[in-house]
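Q: Take this structure first; my questions come after.
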Amino acid sequence: MNAGTLPLAPDWGWQLRRAITDLEGLERAFRLTDAEREGARRALAQGLPISITPYYAALADPEDERCPIRRQCVPRAEEAREAPGDLRDPLGEEAHEVAPELVRRYPDRALLLVSDRCSVYCRFCTRSRMVGQGGGARSLEQLEPAFRYLAAHPEVREVIVSGGDPLVATASRIRAILERLRALGTLDTVRVATRVPVTLPMRVDDELCRALREGFGATWVMTHFNHPRELTEEATRALARLVDHGLPVMNQTVLLRGVNDDAETLEQLFRGLVARRVRPYYLLQADPVIGTSHLRTPLSTGVAIFERLQGRLSGIALPKLIVDTPGGRGKVPHGPDWVARRGEGVTTFRTFRGELADYVDPPEEP
Ligand code: SF4
């Protein structure tokens, strides 16, 4: 199966019904290697489930296991490996759960997990412990304790609606959740985190955009493109529809070994996003989830990439390089050190061309 032979039905329900979820489906779509076959058997027996929409499968190379799309969605035998430092819940979300489905790691914002379902299960998922485990989209009743917590804690000013993928649900369900959040009267913004524009872009229809735009008001959409090959015509249409409905769209990319761990690939991705009016927001060091070490890079890889991208990409195209510290202690920006010397009132910077430049502080006020 490849882009040339696959029926790319525009109906997102069809895409979900026809998603690849078993070994037979994988064998039909790809010439599997032994490592992938073993990975699939293991995933089906005990790990993160398999789901790949026909649309996303069509972006992958059916012959080459090193394909950057395929590495994101086809399990591999290495998922059985537990490396030093690997964690089941790397961001300590269970320890920071303040109500069912509500995680609070920062003073002013909280994470609301409204579903455990995704159209594609990404093999590097931070929440592999819970996604695809059953239950699907949570009802308003199930989320009521979370809403009560938020009402009692007005210092929480922003909610990130995530999952699973919150947009693998009906527009009316999504609208109802956003309206309930608006009714609290305590929130400034809501962010909706989704991979639907990447893996199921035909789901982004006008009804969904209206629900997102009108349900809360100040809603931001956070997408998750990892590779320029994901910026297809369908994805471009989905992004344009979101932006044209007045929704600000930002993108988080996860740095992944063998997928996007080089400056050229990321430059192409970030330029492609900006050209589609999407702001690259974070480049995230992959979280140390058990069974993902084969997809992770050392910290120095991201730093070296940023050395090359600084000055080559404009400020709106260059995201922040971020490590989400294990244990849920919060995000930390990092990257190359551009300060060569700190003196009394004078700081010497190293520029992207390798030149040294002094910045002199103003004299102190008398
Ligand atoms: S779409 Fe997001 S939540 Fe779902 S498997 Fe991928 S990374 Fe995890």
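The values are calculated or read from the model by the stated rules, or taken from the named source; none is laboratory data. Since we're looking at a predicted model, the values are computed, not measured. Counting neighbours? That spans all protein chains shown, and the Cβs are built from the backbone with ideal geometry, glycine included.
Q: Answer with yes or no whether Glu97 is farther than 29 Å from Trp12 by Cα, away from the ligand (no atom under 16 Å from the Cβ) and free of Cβ contacts under 8 Å to residues at least 24 places away in the same chain.
A: Yes.
Q: Considering only residues that are in contact with a strand residue (DSSP E or B) (Cβ under 6 Å, 6 or more places away or on another chain) and within 15 Å of Leu184 (Cβ to Cβ), which ones fall in the range 115-159?
A: Those that are in contact with a strand residue (DSSP E or B) (Cβ under 6 Å, 6 or more places away or on another chain) and within 15 Å of Leu184 (Cβ to Cβ): Pro145, Ala146, Tyr149, Val156, Glu158, Val159.
Q: While we're here: Could you tell me which numbered condition Gly328 fails, if it satisfies all but one of (1) more than 19 Å from the chain's Cα centre (by Cα); (2) farther than 28 Å from Thr265 by Cβ?
A: Result: Gly328 fails condition (1) only.
Q: In addition: Considering only the range 221-248, how many residues are more than 16 Å from the ligand (Cβ to nearest atom) and outside any loop (DSSP other than H, G, I, E, B)? Talk me through it step by step, then tell me what you get.
A: As a first pass, look at the range 221-248 and keep what is more than 16 Å from the ligand (Cβ to nearest atom): 228-229, 231-234, 236-237, 239-248.
Then keep just the ones that are outside any loop (DSSP other than H, G, I, E, B); that gives 228-229, 233-234, 236-237, 239-244.
Residues meeting the conditions: 12.
Q: Could you grab me the full set of residues in the range 192-229 that are within 30 Å of Leu295 (Cα to Cα), of a type outside the set (A, V, I, L, M, F, W, C) and crowded, with 21+ Cβ neighbours inside 10 Å? Let's see the steps before the verdict.
A: Of the residues in the range 192-229, the ones within 30 Å of Leu295 (Cα to Cα) are 192-204, 220-229.
Filter once more, keeping what is of a type outside the set (A, V, I, L, M, F, W, C): 194-195, 197, 199, 201, 203, 223-224, 226-229.
Of everything in the range 192-229, those that are within 30 Å of Leu295 (Cα to Cα), of a type outside the set (A, V, I, L, M, F, W, C) and crowded, with 21+ Cβ neighbours inside 10 Å turn out to be Thr194, Arg195, Pro197, Thr199, Pro201, Arg203, Thr223, Asn226, His227.
Q: Test Leu184 against the criterion of being surrounded by fewer than 20 Cβ atoms within 10 Å (Cβ to Cβ) and in contact with a Leu (Cβ under 7 Å, 6 or more places away or on another chain), and give yes or no. If you could, list the steps in order and put the result at the bottom.
A: On the way: surrounded by fewer than 20 Cβ atoms within 10 Å (Cβ to Cβ): yes; in contact with a Leu (Cβ under 7 Å, 6 or more places away or on another chain): yes.
Yes; evaluated as a whole, the condition is true for this residue.
Q: Ok, one more. How about the range 293-329: which of its residues are of a type in the set (Ser, Thr, Tyr) and either part of a helix (DSSP H, G or I) or touching a Leu at 6+ places or on another chain (Cβ under 8 Å) (or both)? Break it down into steps so the answer makes sense when it comes.
A: Going residue by residue through the range 293-329, those that are of a type in the set (Ser, Thr, Tyr) are 293, 297, 300-301, 314, 325.
If the condition is that a residue be of a type in the set (Ser, Thr, Tyr) and either part of a helix (DSSP H, G or I) or touching a Leu at 6+ places or on another chain (Cβ under 8 Å) (or both), then Ser293, Thr297, Ser300, Thr301 are the ones that fit.
Q: Going residue by residue through the range 81-94, is there one that turns out to be within 13 Å of the ligand (Cβ to nearest atom), touching a Ser or Thr at 6+ places or on another chain (Cβ under 8 Å) and hydrophobic (A, V, I, L, M, F, W, C)?
A: Scanning the range 81-94, I find at least one residue that is within 13 Å of the ligand (Cβ to nearest atom), touching a Ser or Thr at 6+ places or on another chain (Cβ under 8 Å) and hydrophobic (A, V, I, L, M, F, W, C), so the answer is yes.
Q: Look through Ala176, Ala193 and report the one residue that is more than 16 Å from the ligand (Cβ to nearest atom) and assigned by TED's automatic domain parsing to the domain that holds Glu233. Break it down into steps so the answer makes sense when it comes.
A: On the way: Ala193 fails: more than 16 Å from the ligand (Cβ to nearest atom).
Only one candidate qualifies: Ala176.
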